[in-house]
Structure formats: C-alpha cells, structure tokens
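Written out below as structure tokens is the structure these notes cover.
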Amino acid sequence: MKRIQEIYSQLSQPRKVVITTHQKPDADAMGASLALRHFLVQFGHEVTVISPTNWAGWVNWMPGVNEVLDYEANQQKAGKALDEAQWLFCLDFNIFHRTKTMTEKLKQLNCTKILIDHHQDPDEPSFDYGISNTAKSSTCEMIYDLVIESGNEEKITEEISECIYAGVVGDTGSFRFESAHAGVHKLVADLKSRGFKHDNVHDKLFDNFLENRLRFVGHVLLHRMEVFYEYNTVLIAVPKSDLLKYQIKTGDTEGLVNFPQSIQGIKLVALVIDRDEERKWSFRSKGDFDCNDFARKYFDGGGHFNAAGGRSNDSLEKTVQHFKTVMKQNEALLQ
Ligand code: 5GP
Ligand code: MN
C-alpha cells in the first residue's frame, strides 16, 4: 500500500469515485464518507457513496445522506457505480469482510483502492494507497487531515464541518476517551474559527430519538443487565422479544453499551443483541483490558483496544454461556 500523500497531486483530475464504509455505518463511518464526498465534488469528481447495509435513523440528518445508496436495497445501481469506479475509497474499516454482502464484489474490482482507517491490523495488500493510523480518534479526523495536508483548507464548508464533527464526537464518546488527543481539540477549534455551529450537531445526534427508545433503555438496564463484581464485568444480553416489543430499529441500541461504564470499578462491558442474522457483540473496556484482542480471540471480531465488536451464529443463550466461560478464563486480565 503506497502512502495516501501520493494521491494528493491527482485530486484535481476529475474521476468516477465510489466511497464506501463498514456495514451499519455509525456517525464516524457516515460522517467521513459524506465529508469526503462534499470535498471531492468540489474538484469535479463524480462521487457515489455506498453503504453496504442500511443505517441508523439518527444519521439521517447528515448533509448528503439522501443520495447514499444502500447496497442491499439497491444492488443494481450500486453495482454499476462500483463497476465504473476509477477510485474506491474504503473508510472506517480495513478488511473487506466488514462490508458483509459487498465483500466479494469489492474483492473483484480492479480500480484503485484507497484505505483511510484507524482500526488495528489492516489488510494492507488489498489496497493500492492509504493510511492506517490507530492513534487517530476517528476516520473523520483523518478526512480533516487529508483536506488540510493536501492544501485545500479553503474547501471546508459548513456541511463538511458538520460531518467531521459528528464522527469525532461519536468515536471519542463526546471527547471523553483517551483518543481525544490535543489534535482533536485543535481540529474543533479550527472548525469553530471557520464559523461552524457545533450545538446543532449534538442535538441531532443525542436528542433525536422516539419515546420507545428511552423506555427500551430503561427496561434493558433493569432486566437484562448482570454485574459480575469479582470480574469487574457487566453483561447485557438483549433478546429478540425486547427488540420487537419496543420496535427497536437499526441504531437504536447505539450507546447502550456505555451506560454500565458509570458503575465504579467496572473494567469490561459486554453487550450482545439478538439480531435476525447473528448475535452481535459490543465490548468496551477501561484501562489495560484489550477488547480488540478479546473480540478477535473469542467472538470473530475486532476493533480498537478499548472498544471492539464481534459476532456469533450461536443462539443467544449459547453465546452468553461462551462469554461467561471466557470471562472466567480471563480473570487475571480483569483485575
Ligand atoms: P461497536 O461496538 O460500536 O459496534 O463497535 C466498536 C468498534 O469495533 C468499532 O470501531 C467497530 O468498527 C469495531 N467492530 C465492531 N464489530 C466488529 C467486527 O465484527 N469486526 C471488527 N474487525 N471490528 C468490529
Ligand atoms: Mn471510526
């Protein structure tokens, strides 16, 4: 994989570009994709953003989201854009299987593939150009770096600022995680000095749900949460019946995994959602417990040191049992 800087001089030659990201894109994935789109169209590129799957309703406010193609729902149109693409940007993921049903399609493409990502263990041979940096707070921060480093700061519009800021807020837990380094605050200061209004974005990200979602959170914390003080661990297992009862949609469970972190002394939080297609795990840790390693080893997943995800085809009961077994095996790391 050649350095991302090598494409900077080619930015001014218009191309057919596809931007894609991981399945069920979150604020960082969608924010980075749309920020890059708003940037590239200013050079005359013909840009299509494709999400491998649908996305949470709470990212629907992002400027440009209406033109994003959902690959599962629009395979023909999205497939055509991919076939014609000269450049393919892969944002906020680093291995093709994170795009689910799009995986084989992406592998077959002969176009120039460009990676911009901050997760561990990138599949570098699959990309022609790119940057992979786990020290970055978010992929949105990396899009900001690209704009600045390539000498195009005058192209930062309010739309770009909104998208970048949303991703930074999302991936740093509102500037709370260690990943919110000095450069992140400088980035925000720079956007602010260009006139960006940040309070709107918080409103759209956090105060934009329906009543049922708040009642679901209350129900789950009361009835589905187990605390294992001897392992400094909290487990939340959400059965399908809860999702149906509270009419939970994609994205409504985002943030749930953060609540148990407010309990004193908790080191690991594990959340499993009984989705139709699989049991989806989320892991969050504090301090020196490596969630990426844990998710890779036991739950076919990965991510970052303090935040990772995984999956299982087992029943909810069986995957929960497996979790409890491996939690006990990892007792020493959880002290
Ligand atoms: P979340 O728990 O919010 O879904 O994911 C936490 C972090 O882990 C995110 O950065 C996400 O991209 C990553 N992640 C989630 N699920 C998986 C997975 O199955 N495989 C890998 N490699 N990363 C994942
Ligand atoms: Mn991210």
Check LEU221, LEU214 and return the single one that is more than 12 Å from ligand 1 (Cβ to nearest atom), of a type in the set (A, V, I, L, M), free of Cβ contacts under 8 Å to residues at least 24 places away in the same chain and open to solvent by 10 Å² or more (accessible area, probe 1.4 Å).
LEU214
Among the candidates GLU72, GLU67, GLU124, GLU46, single out the residue that is open to solvent by 50 Å² or more (accessible area, probe 1.4 Å), closer than 25 Å to ALA135 by Cβ and not β-branched (Val, Ile, Thr).
GLU124
Positions within segment 266-281 being closer than 14 Å to ALA56 by Cβ and either touching a helix residue (DSSP H, G or I) at 6+ places or on another chain (Cβ under 6 Å) or assigned to a loop (DSSP other than H, G, I, E, B) (or both), in sequence order:
ARG275
Extreme residue, surrounded by the most Cβ atoms within 10 Å (Cβ to Cβ), among residues of segment 166-211 that are within 14 Å of ligand 2 (Cβ to nearest atom) and in a helix (DSSP H, G or I):
GLY167
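Mind listing whichever residues of segment 119-131 are closer than 20 Å to MET30 by Cβ and touching a helix residue (DSSP H, G or I) at 6+ places or on another chain (Cβ under 7 Å)? Can you show your working first?
We begin by selecting, within segment 119-131, every residue closer than 20 Å to MET30 by Cβ; these are 119, 130-131.
Answer for segment 119-131, where residues must be closer than 20 Å to MET30 by Cβ and touching a helix residue (DSSP H, G or I) at 6+ places or on another chain (Cβ under 7 Å): GLY130, ILE131.
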Identify, please: which residue in segment 89-113 is of a type in the set (Phe, Trp, Tyr) and within 16 Å of ligand 1 (Cβ to nearest atom) and is, among those, farthest from the chain's Cα centre (by Cα)?
PHE96
Which condition number does GLY130 fail, the rest of (1) part of a helix (DSSP H, G or I); (2) within 16 Å of ligand 2 (Cβ to nearest atom); (3) surrounded by 21 or more Cβ atoms within 10 Å (Cβ to Cβ) being met?
(1)
Checking the structure you have, find out if any residue of segment 284-305 is more than 10 Å from ligand 1 (Cβ to nearest atom), in contact with a Phe, Trp or Tyr (Cβ under 9 Å, 6 or more places away or on another chain) and part of a strand (DSSP E or B).
yes
Of the residues in segment 246-265 that are in a loop (DSSP other than H, G, I, E, B) and within 16 Å of ligand 1 (Cβ to nearest atom), the one that is farthest from ASP28 (Cα to Cα) is ILE248
Members of segment 251-282 found to be exposed (fewer than 15 other Cβ atoms within 10 Å of the Cβ) and of a type in the set (Ser, Thr, Tyr), listed by number:
SER262
Quick test for you: out of GLU159, GLU149, GLU153, pick the one residue that is open to solvent by 60 Å² or more (accessible area, probe 1.4 Å), in contact with a helix residue (DSSP H, G or I) (Cβ under 6 Å, 6 or more places away or on another chain) and away from ligand 1 (no atom under 15 Å from the Cβ).
GLU159
Read through the list (1) more than 16 Å from ligand 2 (Cβ to nearest atom); (2) touching a residue at least 24 places away in the same chain (Cβ under 8 Å), then give the number of the only condition that GLN120 fails.
(1)
Counting only residues that are in contact with a Lys or Arg (Cβ under 7 Å, 6 or more places away or on another chain) and open to solvent by 50 Å² or more (accessible area, probe 1.4 Å), segment 307-329 contains a total of 2
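Residues checked against (1) modelled with pLDDT of 95 or more; (2) out of contact with any Pro (no Cβ under 6 Å at 6 or more places or on another chain); (3) closer than 29 Å to LEU191 by Cβ; (4) open to solvent by 10 Å² or more (accessible area, probe 1.4 Å):
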{"residue": "VAL17", "(1), (2), (3), (4)": "yes, yes, yes, no"}
{"residue": "MET30", "(1), (2), (3), (4)": "yes, yes, yes, no"}
{"residue": "HIS38", "(1), (2), (3), (4)": "yes, yes, yes, yes"}
{"residue": "GLN42", "(1), (2), (3), (4)": "yes, yes, yes, yes"}
{"residue": "SER51", "(1), (2), (3), (4)": "yes, no, yes, no"}
{"residue": "ALA56", "(1), (2), (3), (4)": "no, yes, yes, no"}
{"residue": "ASP83", "(1), (2), (3), (4)": "yes, yes, no, yes"}
{"residue": "MET102", "(1), (2), (3), (4)": "yes, no, no, no"}
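The values are calculated or read from the model by the stated rules, or taken from the named source; none is laboratory data. For clarity, every value in this text was computed on a predicted model and none was experimentally measured. Here Cβ is always computed from backbone atoms with ideal geometry, including for glycine, and neighbour counts include all displayed protein chains. What goes into the accessible areas is simple: the full protein's heavy atoms, side chains included, and nothing from ligands, DNA or RNA. Shrake-Rupley method; radii C 1.70, N 1.55, O 1.52, S 1.80 Å.
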